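Below: the structure, in structure tokens.
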Amino acid sequence: MRVICFLLIFLGNSCMAASTLFRTNGTLSCPLFKTWCYVVTMYEEDTFRFLDDRIDTSGVHCVDANQISYHLIGDQNGDGFYNHYYEIALSVTHNCTTKRHNIRTIRNKVYYAKITSEEVFHNWNVQLIDEGERVPDFE
Ligand SMILES: *[C@@H]1O[C@H](CO)[C@@H](O)[C@H](O)[C@H]1NC(C)=O
Ligand SMILES: *[C@@H]1O[C@H](CO)[C@@H](O)[C@H](O)[C@H]1NC(C)=O
């Protein structure tokens, strides 16, 4: 990839890395028989930038169901010259708790995907009740 980029720069073209499509789906379970709210986000942890790169987010939703399914999709275009892998992280922030006014965030274990991959699929199912670290708000 790097060699191709240098050649393209010498030829006067911009260097466009091929993009990778990321898809994640799964279920969030909250069998409390109550209304609860959640936001699921997929992002690329980038050591060369101060802010994480959000790939996709569900937005905040409030539901009555004991289980919902989610689907996130988005692409990324290269990751600087020195990284050959994307570091993909997921988080869910929710108030599926037995205490009032309690909002928590659960993170998955970061997984790695080659930047040359065309498509990467990941499945993450989460039991929410009282899980995660307390956070001040949904976003
Ligand atoms: C996730 O996607 C896979 C493959 O497309 C599908 O078989 C599975 O049913 C989906 N799961 C959910 C919870 O949507
Ligand atoms: C979660 O937050 C929503 C909106 O504030 C509220 O209606 C709901 O009762 C909360 N659910 C729980 C389990 O605390």
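The values are calculated or read from the model by the stated rules, or taken from the named source; none is laboratory data. Because the structure is a prediction, the values reported are computed rather than measured. Cβ sites come from the backbone with ideal geometry, for glycine too, and all protein chains shown count toward neighbours.
Please count how many residues of segment 106-132 are assigned to a strand (DSSP E or B), among the β-branched types (Val, Ile, Thr) and away from ligand 2 (no atom under 16 Å from the Cβ). Before you say what the answer is, go through the steps one by one.
Step one: list which residues in segment 106-132 are assigned to a strand (DSSP E or B), which gives 106-107, 111-114, 119-123, 126-127.
Still in the running and among the β-branched types (Val, Ile, Thr): 106, 120, 126.
Among the residues that remain, those that are also away from ligand 2 (no atom under 16 Å from the Cβ) are: 120.
Number satisfying all stated conditions: 1.
Just one of the numbered conditions (1) within 17 Å of Tyr43 (Cβ to Cβ); (2) within 14 Å of ligand 2 (Cβ to nearest atom) is not true of Leu72; which one?
Every listed condition holds for Leu72 apart from (2).
Which ones in segment 76-98 are surrounded by fewer than 13 Cβ atoms within 10 Å (Cβ to Cβ) and either assigned to a strand (DSSP E or B) or modelled with pLDDT of 95 or more (or both)?
Residues satisfying the conditions are Asn77, Thr98.
Which count do you get for residues in segment 119-139 that are within 16 Å of ligand 1 (Cβ to nearest atom) and more than 10 Å from Thr93 (Cα to Cα)?
The initial filter retains those residues of segment 119-139 that are within 16 Å of ligand 1 (Cβ to nearest atom), namely 119-128.
Still in the running and more than 10 Å from Thr93 (Cα to Cα): 119-127.
Selection size over segment 119-139: 9.
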